[in-house]
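Below is one structure, written out as structure tokens, with a few remarks after it.
None of the figures in this text is laboratory data; all of them are computed from the coordinates on show. Computed from a predicted structure; not experimentally measured. Reconstructed Cβ throughout: ideal geometry from the backbone, glycine too, with neighbour counts over all protein chains shown.
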């Protein structure tokens, strides 16, 4: 950990134009897409399944994808949409299901060692989140089409943690389907994903079907998770130490801190509104380490006693400049 006395409190006033001049990289996070397992964007899977949309039977499935399949992610990501693919050998198909629910979670079990539990809930981490509520799902498509599930909530997942991703699908009620197949991959060796489910009961607690070597092929849209800054303690103490941690930065990426005691903004910039008011102070550019993180301690000046410390950072992440969260901490 770097010891940087007084680093965030370098007394250099920063005009807004000066800050914007530093942010020369492209603006805004770009939506990225990939298939799970990886590599099936233009490649049809070798298998097929009528679940979850092409059958009239209720069903519940857990799609378990290895963390190593997220080939474009360098840190945490926010998944915005999931797509299922109709098998390319199908023609025009349609479905109308009264309840189709999608849940996501970081897995508590591991694909690589085949530890996926037969009890569904035992595979779901504490961050489990229903990203599409169990409402009607009707539509039509053609063979080879990607079908968006219609996520209403994004899900943050960090493949660099080494923990896998679970996408759970529950299709309930009296299902109406023309009887068609969805795209899967079947292999004699590990393929980076697997499916485990119950083929006739969407409320079942345990699976009655599953294979480590069969996987639904899905596609996800995602953006890098927002950069994060954490400052402790809260409140800070004048003449005491404050600890700063920044994460979700490119390896060796640039970090520009600004701080103020004048208020929480908003101060408009092309990156969005800074939650720091002018006049604000700039810290000379600092850099993340090889893991995309920065941590240091610094002494809180006695002159800040009784003030509220407002701080935010613009950081380089996924090749673009993004704003971190803002912090507002009283100083005793």
| query | So what is the relative contact order of the range 63-181, in percent, for Cα pairs below 8 Å that sit 6 or more residues apart? | reply | 47 percent
| note | By the C-alpha gyration tensor axes a ≥ b ≥ c (rounded if a/c is under 1.5, else prolate when a/b exceeds b/c, else oblate), the shape of the range 38-216 is rounded
| message | Taking every DSSP beta bridge with both residues inside the range 234-332, roughly what % is antiparallel (nearest 5)? | response | 95 percent
| the chain: relative contact order as a whole-number percent, Cα under 8 Å and 6+ apart | 25 percent
| Using the per-residue mean of other Cβ atoms lying within 10 Å as a proxy for protection, in what order, highest first, do the peptides 122-133, 302-313 fall? | 302-313, 122-133
| remark: Given 89-96, 166-173, 181-188, the highest-first ranking by average Cβ count within 10 Å works out to 166-173, 181-188, 89-96
| query | What order do you get for 275-284, 136-145 when each peptide is scored by the mean count of other beta carbon atoms within 10 Å, highest first? | reply | 275-284, 136-145
| field | the chain: calculated mean residue ellipticity at 222 nm from DSSP helix runs of at least 4, using -39500 (n - 2.57) | value | -500 deg cm²/dmol
| remark: Length-normalised contact order of the range 227-273, Cα under 8 Å, at least 6 apart, in percent, tallies to 30 percent
| field | Prolate/oblate/rounded call for the range 218-299, Cα gyration tensor, a/c under 1.5 rounded | value | oblate
| query | In whole angstrom, how far apart do the alpha carbon centroids of the range 176-229 and the range 98-131 sit? | reply | 11 Å
